[in-house]
1. For segment B:46-63, enumerate the residues that are β-branched (Val, Ile, Thr), surrounded by fewer than 15 Cβ atoms within 10 Å (Cβ to Cβ) and not in a loop (DSSP other than H, G, I, E, B).
2. Give me a count of the residues in segment A:28-43 that are at the interface with chain B (Cβ under 9 Å from one of its Cβ atoms) and either outside any helix (DSSP H, G or I) or closer than 24 Å to B:Ala195 by Cα (or both).
3. Quick check on segment A:7-24. Is at least one of its residues touching a residue at least 24 places away in the same chain (Cβ under 8 Å), out of contact with any Lys or Arg (no Cβ under 7 Å at 6 or more places or on another chain) and of a type in the set (Ser, Thr, Tyr)?
4. I'd like to know if segment B:99-106 contains one or more residues that are at negative phi and exposed (fewer than 14 other Cβ atoms within 10 Å of the Cβ).
5. Going by what's in this entry, would A:Leu48 be described as under 17 Å from B:Ile245 (Cβ atoms) and surrounded by fewer than 17 Cβ atoms within 10 Å (Cβ to Cβ)?
6. List pairs: first residue in segment B:129-156 and of a type in the set (S, T, N, Q), second residue not in a helix (DSSP H, G or I) anywhere in the structure, Cβ distance under 7 angstrom, at least six positions apart or on different chains.
7. Just to verify a result, which residue in segment B:172-222, among those that are hydroxyl-bearing (Ser, Thr, Tyr) and closer than 25 Å to B:Phe22 by Cβ, is nearest to the other protein chains (Cβ to nearest Cβ)?
8. Which residue pairs have Cβ atoms under 7 Å apart, sit 6 or more places apart or on different chains, and have a first residue in segment A:56-67 that is facing another protein chain (nearest Cβ under 9 Å) and a second that is part of a helix (DSSP H, G or I) and modelled with pLDDT under 80?
Amino acid sequence: MEGTLNLVGFGLAAIGPGIATGLIFAAYINGVARQPEARSVLQPIAFLGFALAEALALFGLVLAFVL
Amino acid sequence: MLSYAAEVGKDEGFNPPDAGDFNLPPFIEGNEFATKPILLVFLSVLLISIFFILASRKAALVPSKLQFAGESVYSFVRNDLGREVIGHEFMRFVPYLFTLFTFILVNNLFGIIPMIQFPTMSRISFPYVLAAFTFFIFHYVGIRKQGFLKYMKEIMFLPGIPKPAYILITPLELATYFLVRPMTLSLRLFANMFAGHLLLLVFILGGEHLLQGVIGLKLISPFAFAIGIALTFFEFMVQCLQAYIFTLLTALYIAGALADEH
């Protein structure tokens, strides 16, 4: 089997953003369940946080290919 | 599935798709600009123009189906991204936000449209240009609104922080505004499209390769294709989401530059 250690490193690096994304959406679901009318306020915030957390995982992916 | 394909590759010569698969050769010999991504950008501009000209040509009080489709996209950008985020000066930026959203959306969707199947934004230069537009616009808006010195002062010196902390905070804030924001904006879009396309390539090409193997491998290949199809729908969601997030972040940056709290 071929490949580089980069891919293992990327797998490890993806754990953090994975947990972060879970926490963000858990908080979002909690918020909407408690106060359904707050949905339109919470939605952009949730997706913004998701995008910021996910960006970290994707930088890892890019670096796994580049390095 | 990937490790399985890689193990098969040892004796069959299966090459897992990598970054080189995104370097499509120009289809006119010697002309570096005649590549598929460039063609797709022109095609997307053409498609968007035709769609919205047709949708708005016979505007009526009771809208036709086409007019309704065009107007719902427009009102989504204007209300949910413009008015909600930027505030009372939002109408100046709606043309830019709307162009950005439709352009990115159509170019992303090229990734899953049959016969085209190449997301333009998986070539890094296109996201770079779009992020550069956003970068210059939000700084221009901020400087125009507050003056250069006041704008820089607002970026560099956050209020309500003890003075020694500025040694740490000021470089971080400068890096955020001038380096991290445009980099993350472009890399996020690029990496999403790149990773998504690579994922589809792995399963579709892997399934095709399994089909050429012995009978046992032939039986497995439908599963690879099924996952490939499921991932195509997942990609559809990601592509819409990325167009939304790019526009949302642009609107947020503009709103941040416009805000005068002091």
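1. Within segment B:46-63, B:Ile50, B:Ile53 meet the criteria.
2. Total meeting the criteria: 0.
3. Let us first name the residues in segment A:7-24 that are touching a residue at least 24 places away in the same chain (Cβ under 8 Å), namely A:7, A:9-10, A:13-14, A:16-18, A:20-21, A:24.
Of the ones still in play, those that are also out of contact with any Lys or Arg (no Cβ under 7 Å at 6 or more places or on another chain) are A:7, A:9-10, A:13-14, A:16-18, A:20-21, A:24.
From what's left, of a type in the set (Ser, Thr, Tyr): A:21.
The answer is yes; a qualifying residue exists.
4. Checked against the condition, which is being at negative phi and exposed (fewer than 14 other Cβ atoms within 10 Å of the Cβ), segment B:99-106 yields no hits at all.
5. So A:Leu48 fits the description; yes.
6. From residues that are of a type in the set (S, T, N, Q), the pairs are B:Gln146/B:Asp260.
7. This residue is B:Thr184.
8. A:Phe65/B:Ala19
The values are calculated or read from the model by the stated rules, or taken from the named source; none is laboratory data. Note that the structure is a prediction, hence the values are computed from the model and not measured. Note that each Cβ is placed from the backbone with ideal geometry, even for glycine, and that neighbours are counted across all protein chains shown.
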